[in-house]
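What follows is a short report on a single structure.
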Amino acid sequence: MNVSRVRAATAAAAALAVGHALPALAAVPGGRSLFRTTRRLNGRVGGDSRVDGRPPGRVGLTFDDGPETGAVDSFLEALEELDVKATFFVVGEQVRRSPDAARRIVEAGHEIACHGYRHLNHLRLTPPATIRDLRDARDTITGETGAEIRHFRPPYGVFNAASWVTAARFGWERVLWARWGRDWEQAATPELIRHRVMSGVRDGDIILLHDAEAYSSSGSWRRTLGALEPIVSELRGRGFEPGPVGLVSPNGHPLGTTNGTVPSANGGRLAGGGGHEAKGTAS
Ligand SMILES: [Zn+2]
C-alpha cells in the first residue's frame, strides 16, 4: 500500500475524530459561541415577564442524575414545601430501575428532561452508540412517564457530533448551565454548595444540582438537599424566583402538549398529576 494513501487515510480518520469531538467545546468558554446551548432563561417569559403574579426575576433550577427512590422523594417533599417547580434531567437506566420514582416527579408537577441512557462521557462513545443511547433514553423516559421530553443535557455536559445532531433531530433543546454547586464532590458541604451557586448569580441563570449519588460521591444528594432551602430563600431574597427550564402545566406536562395523563404501573392511565459525572467528577 503506498505511503500517500496511508497518509490520506490517517488524515481522514483524524479529521473524523476531531469532527466527532468538536461539539464538546460547547462546555468551555472558548467554544460557547461556536456551539450555542441554553445556559440562561432569557426571553422565555413574554410581555411583562410576570408568571403567576411572581416577581419578574427568574432562574432555572435543575437536578441531574436521578431518579433514585428515597433520594427523589426527599427532594420532591422539600420542593413542595418551598412551592418550587424544577426540571429533572433523568438518566434512562435510573428510570428503568425506579420507574415509579420517575412518575412521581411528573405527578408532582415538575418537568422531566433527558440526561442520556447510560451516564457515559460522549467523547468515549462512537456515533452509533451515542444515537442508540439517546434513543433508549427517549423511549424509556417517555414510555415510563408519559411525559414529552423537550430538553437534553449530556452527561458531564459533554456533547459529541452525534449527540449534538440527534438532540436537534429529536426536537430537544440543548441545555447546559450557568451556575453549579459542584455538589458531587466528597468535600462539598451544604454551605459550600450554597455559596458556589449564589456567588454571582444573575437573573435568568440555569442552576445545576444533583438529586442522586449513582455517578457522584457517596451521600452527595443529602448535602445537596441540605443546601436547597438556603439557596431558594436567598434567591427569593434577591428577587429571583426559581423554576423549571421550560414552562410546565400544573400536572407536570410541558405547556402546549395534549398529554395530560401519566401511565400507571399497571399500564392504565390516570388523570395527570396533582389534583422534574466518573465518580467525583462533573455532572
Ligand atoms: Zn450527570
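When the residues of region 142-157 are filtered to those that are under 21 Å from R40 (Cα atoms) and open to solvent by 20 Å² or more (accessible area, probe 1.4 Å), which remaining residue is farthest from the ligand (Cβ to nearest atom)?
In this case the residue turns out to be R150.
Please verify whether V59 is away from the ligand (no atom under 16 Å from the Cβ) and at negative phi, treating the condition exactly as stated.
Yes: the conditions hold for V59.
I'd like to know if region 161-169 contains one or more residues that are away from the ligand (no atom under 16 Å from the Cβ), farther than 19 Å from A71 by Cα, modelled with pLDDT of 95 or more and not in a helix (DSSP H, G or I).
No: region 161-169 contains no residue that is away from the ligand (no atom under 16 Å from the Cβ), farther than 19 Å from A71 by Cα, modelled with pLDDT of 95 or more and not in a helix (DSSP H, G or I).
Restricting attention to region 182-203, does a residue exist that is within 16 Å of the ligand (Cβ to nearest atom), at pLDDT 95 or above and at positive phi?
Checked against the condition, which is being within 16 Å of the ligand (Cβ to nearest atom), at pLDDT 95 or above and at positive phi, region 182-203 yields at least one hit.
Is it the case that some residue within region 127-142 is part of a loop (DSSP other than H, G, I, E, B) and among the aliphatic types (A, V, I, L, M)?
No, every residue in region 127-142 fails to be part of a loop (DSSP other than H, G, I, E, B) and among the aliphatic types (A, V, I, L, M).
Is it the case, given these coordinates, that D139 is out of contact with any Cys (no Cβ under 7 Å at 6 or more places or on another chain), open to solvent by 50 Å² or more (accessible area, probe 1.4 Å) and among the acidic types (D, E)?
Criteria met by D139.
Residue pairs, Cβ under 6 Å, 6 or more apart or interchain, first in region 81-98 and farther than 17 Å from T69 by Cα and open to solvent by 20 Å² or more (accessible area, probe 1.4 Å), second assigned to a helix (DSSP H, G or I) and away from the ligand (no atom under 15 Å from the Cβ). List them.
L82/V232
Would you confirm, using the coordinates I've provided, whether L79 is touching a helix residue (DSSP H, G or I) at 6+ places or on another chain (Cβ under 8 Å) and within 16 Å of the ligand (Cβ to nearest atom)?
no
Please work out which residue is surrounded by the fewest Cβ atoms within 10 Å (Cβ to Cβ), limiting yourself to region 170-181 and to residues that are of a type outside the set (F, W, Y), away from the ligand (no atom under 14 Å from the Cβ) and over 12 Å from the mean Cα position of the chain (by Cα).
Among residues in region 170-181 that are of a type outside the set (F, W, Y), away from the ligand (no atom under 14 Å from the Cβ) and over 12 Å from the mean Cα position of the chain (by Cα), the one surrounded by the fewest Cβ atoms within 10 Å (Cβ to Cβ) is G171.
The values are calculated or read from the model by the stated rules, or taken from the named source; none is laboratory data. Computed from a predicted structure; not experimentally measured. Quick reminder, even Gly has a Cβ in these numbers, built from the backbone with ideal geometry, and neighbours come from all protein chains shown. Calculation scope for accessible area: heavy atoms of the full protein, side chains included, ligands and nucleic acids excluded. Shrake-Rupley method; radii C 1.70, N 1.55, O 1.52, S 1.80 Å.
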